[in-house]
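A.B. asks: Sharing a structure, written as structure tokens. Questions coming.
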Amino acid sequence: MWDIDYTLLRGGGVAAQAWKAAFTELTGVAWRATPNFGGRTDLDICAEVFATHGVTDCTPELFFARYVEQVHIARHQFAEQGALMPGVRAVLDELGARPDVVQTLVTGNVPEVAAAKIDAFALTGAFDAEIGGYGTDDSVRATLVRRCLERAEAKYGERFRPVVIGDTANDVSAALANDALAVGVATGSTSMAELVLAGAHAVLPDLSDVDAAIAIITA
């Protein structure tokens, strides 16, 4: 179960700009405060943004529809302004060649934005996105992991040993809440020490040591 932002890739601020544009267009309210997006679900962030700006008459569904439109307009900018994190493609390819591994996404992004981000870097084929956990499933990230595991077991008819790979303490805590192996990568703003303190079972500076990453993920 892969997190996207600052674990697989960085999007160059494209989604954040789309978020602001969608909010302003939909509500007519000037943007005043940018929340901390790291490791959070879009439902959680949406609630904070509405409250911070005093908006009470806008539902998440309406906002997300406009947000997705804005992302699709600017989706070419993900590859132009962002980048894959070190080692990501090699690790995905290596895991994808194993018959005993199913890779998917557990991300705070809404599904359409998650798809746009991974498509921009030609990663779509690496994941069974159908079974993923997304930011519209719940405001609590741990629930995304649980929903993902339920979907995987329902689709494949077998039990899985879940592994969550992410760059924030929220990714780690969501994994631990579901008895999943928590693998932290310090490619975001959270340090290796902070990921260890959050309870990660293993922490890597990044995924550039492909053999080490594969060994940890498949242990």
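A.B. asks: Is it fair to say residue 190 is of a type in the set (Ser, Thr, Tyr), over 20 Å from residue 44 (Cβ atoms), in contact (Cβ under 8 Å) with a residue 60 or more places away in the chain and outside the structural domain of residue 43 (by TED's automatic domain parsing)? Walk me through how you get there before you give the answer.
C.D. replies: Working: of a type in the set (Ser, Thr, Tyr): yes; over 20 Å from residue 44 (Cβ atoms): no; in contact (Cβ under 8 Å) with a residue 60 or more places away in the chain: yes; outside the structural domain of residue 43 (by TED's automatic domain parsing): yes.
For residue 190, the condition - of a type in the set (Ser, Thr, Tyr), over 20 Å from residue 44 (Cβ atoms), in contact (Cβ under 8 Å) with a residue 60 or more places away in the chain and outside the structural domain of residue 43 (by TED's automatic domain parsing) - is not met.
A.B. asks: Quick check on this structure: which one of 56, 143, 107 is crowded, with 21+ Cβ neighbours inside 10 Å and among the β-branched types (Val, Ile, Thr)? It would help to see each step written out before you state the result.
C.D. replies: Details: 56 fails: crowded, with 21+ Cβ neighbours inside 10 Å; 143 fails: crowded, with 21+ Cβ neighbours inside 10 Å.
The unique qualifying residue is 107.
A.B. asks: Let me ask something additional. Go through (1) farther than 20 Å from residue 129 by Cβ; (2) of a type in the set (S, T, N, Q); (3) within 16 Å of the chain's Cα centre (by Cα) for residue 41 and report which single condition fails.
C.D. replies: So residue 41 meets the others, but not (1).
A.B. asks: Oh, and also: Quick check on my filter: what residues within the range 146-161 are closer than 22 Å to residue 88 by Cα and buried (at least 19 other Cβ atoms within 10 Å of the Cβ)? Break it down into steps so the answer makes sense when it comes.
C.D. replies: Going residue by residue through the range 146-161, those that are closer than 22 Å to residue 88 by Cα are 148, 161.
Across the range 146-161, the qualifying residue is only 148.
A.B. asks: If you scan the range 73-121, which residues turn out to be touching a helix residue (DSSP H, G or I) at 6+ places or on another chain (Cβ under 8 Å), without any contact (Cβ under 8 Å) to a residue 60 or more places away in the chain and of a type in the set (D, E, K, R)?
C.D. replies: Residues satisfying the conditions are 93, 112.
A.B. asks: Continuing with the same structure: Would you mind stating whether residue 97 is of a type outside the set (Ser, Thr, Tyr), surrounded by 15 or more Cβ atoms within 10 Å (Cβ to Cβ) and in the same structural domain as residue 142 (by TED's automatic domain parsing)?
C.D. replies: Values: of a type outside the set (Ser, Thr, Tyr): yes; surrounded by 15 or more Cβ atoms within 10 Å (Cβ to Cβ): no; in the same structural domain as residue 142 (by TED's automatic domain parsing): yes.
No.
A.B. asks: Next question, about the same structure. Residue under question is residue 67, and the condition is that it be over 30 Å from residue 179 (Cβ atoms) and within 17 Å of the chain's Cα centre (by Cα); does it hold?
C.D. replies: Details: over 30 Å from residue 179 (Cβ atoms): yes; within 17 Å of the chain's Cα centre (by Cα): yes.
Spelling it out, residue 67 is indeed over 30 Å from residue 179 (Cβ atoms) and within 17 Å of the chain's Cα centre (by Cα).
A.B. asks: Quick check on my filter: what residues within the range 136-167 are of a type in the set (Gly, Ala, Ser) and modelled with pLDDT of 95 or more? Give the steps one after another, and end with the answer.
C.D. replies: Looking only at the range 136-167, we keep the residues that are of a type in the set (Gly, Ala, Ser), and these are 139, 142, 152, 154, 157, 166.
Answer for the range 136-167, where residues must be of a type in the set (Gly, Ala, Ser) and modelled with pLDDT of 95 or more: 142, 152, 154, 157, 166.
A.B. asks: Pairs only if they're at least six apart or on different chains, beta carbon under 8 angstrom, first in the range 164-176 and closer than 8 Å to residue 39 by Cα, second among the charged types (D, E, K, R) and assigned to a helix (DSSP H, G or I); list them, first residue then second.
C.D. replies: 169/194; 170/141; 171/141
A.B. asks: Here is a check on your reading of the model: is residue 65 part of a helix (DSSP H, G or I), touching a residue at least 40 places away in the same chain (Cβ under 8 Å) and surrounded by 14 or more Cβ atoms within 10 Å (Cβ to Cβ)?
C.D. replies: Working: part of a helix (DSSP H, G or I): yes; touching a residue at least 40 places away in the same chain (Cβ under 8 Å): no; surrounded by 14 or more Cβ atoms within 10 Å (Cβ to Cβ): yes.
Here the answer is no, as residue 65 does not meet what is asked.
The values are calculated or read from the model by the stated rules, or taken from the named source; none is laboratory data. Nothing here was measured: the structure is a model prediction, and the numbers come from that model. Virtual Cβ from ideal backbone geometry, glycine too; neighbours counted across all protein chains shown.
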